[in-house]
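Undergrad: This structure is in structure tokens; I'll ask about it shortly.
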Amino acid sequence: MRASLSLSIAVLVASAAGAQSPAPSGRLSVHWEELTAADFRDAITRAQGTCLLPFGILEKHGPHLPLGNDLLNVRYAALHAAEQEFAVVFPEYYFGQIFEAKHEPGTVAYSRGLQLQLLQETTDEMARNGCKKIIVVNGHGGNGSLLPYFAQTQLEAPHDYVVYVQGLARSGPGEPQHRSNQATDMHAGESETSLSMVARPDLVHLERASQESGADQARVKLPAGLYTGIWWYARFPNHYAGEGAVASRELGEFETRTWISAIVQSIRAVKADQESLRLQNEFYERSKHPLDTPQ
């Protein structure tokens, strides 16, 4: 009877639609925070020192998606990827760049110095606990410049670990036909809403998606290649870019699979990578005596 009940519960958990996190693989959870101290040691060994840091944000996502949408979606993808190729997944992290949304309710925007300091100390602490290969999985478009810059700054001083950055990778061959203009489908629009319909359908209010405009207002005219930080607000002051109302679960399932697959491939590549740390250490040593570097 007990075995039958356990099997029934396992089937129900596995089939639960929209579950934020998959069932643990074997006896070890991929969630950092769910592991005991002893199990954490085993998990790091099993992961070959490879850990994921899914990076989201807290910001408005149109009139129909939750403030933590990026965090929820990136963790969904990262956790499912880690189940396919075992890695330890760091807890919720949302301390990124989002100054452009400070005018909207619920946005949490940390200072630029704190963003970098907290991220550095977080990866340092992850490494101290055995994560010698850290993949920062970006789930927020506003981090697109911050994270590569952070990775570059790792060359400032010696580290016994390597930081990798996994960018947004949700489109691919065979993608279902989009119903909206992909050029402006950038934030809480068709694609992102479709993803959320898979990761957290209970938090998607599709009936509200047309209450605000996600159209490009193009209020600043500048030549190509000339950048200013107010560009996003100038184009999308509602912090909404696209048409969330036309989202579909079909598109969401495709983009979710594509994203998970990309993360899985990255985990496998990072586990196999023996050169990055070696070259990083070589660089650190040569940077001490640049005049001795062979020309």
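Undergrad: Please list, ordered by residue number, the helices (runs of 4 or more DSSP H) wholly in segment 52-157 having 1 or more residues that are free of Cβ contacts under 8 Å to residues at least 40 places away in the same chain and either within 24 Å of MET186 (Cα to Cα) or open to solvent by less than 10 Å² (accessible area, probe 1.4 Å) (or both).
TA: Counting at least 1 such residues, we get 112-128, 146-153.
Undergrad: Taking GLU250, is it open to solvent by 40 Å² or more (accessible area, probe 1.4 Å) and without any contact (Cβ under 8 Å) to a residue 24 or more places away in the chain?
TA: no
Undergrad: What are the residue pairs meeting all of these: first residue in segment 277-295, first residue touching a residue at least 12 places away in the same chain (Cβ under 8 Å), second residue hydrophobic (A, V, I, L, M, F, W, C), Cβ atoms under 6 Å, and 6 or more apart or on different chains?
TA: Hits for this filter: LEU277/VAL162.
Undergrad: Step by step: first the residues of segment 227-247, then only those that are among the aliphatic types (A, V, I, L, M) and touching a helix residue (DSSP H, G or I) at 6+ places or on another chain (Cβ under 7 Å), then the one that is surrounded by the most Cβ atoms within 10 Å (Cβ to Cβ). Which residue is that?
TA: ALA247
Undergrad: Looking at this structure, is SER287 loosely packed, with under 14 Cβ neighbours inside 10 Å and part of a helix (DSSP H, G or I)?
TA: Spelling it out, SER287 is indeed loosely packed, with under 14 Cβ neighbours inside 10 Å and part of a helix (DSSP H, G or I).
Undergrad: Kindly provide the set of residues from segment 257-280 that are open to solvent by 70 Å² or more (accessible area, probe 1.4 Å) and either of a type in the set (D, E, K, R) or in contact with a His (Cβ under 9 Å, 6 or more places away or on another chain) (or both), ordered by number.
TA: The answer is ARG257, ARG268, GLU275, ARG278.
The values are calculated or read from the model by the stated rules, or taken from the named source; none is laboratory data. Keep in mind the model is a prediction, meaning the values are calculated, not measured. Counting neighbours? That spans all protein chains shown, and the Cβs are built from the backbone with ideal geometry, glycine included. Calculation scope for accessible area: heavy atoms of the full protein, side chains included, ligands and nucleic acids excluded. Shrake-Rupley method; radii C 1.70, N 1.55, O 1.52, S 1.80 Å.
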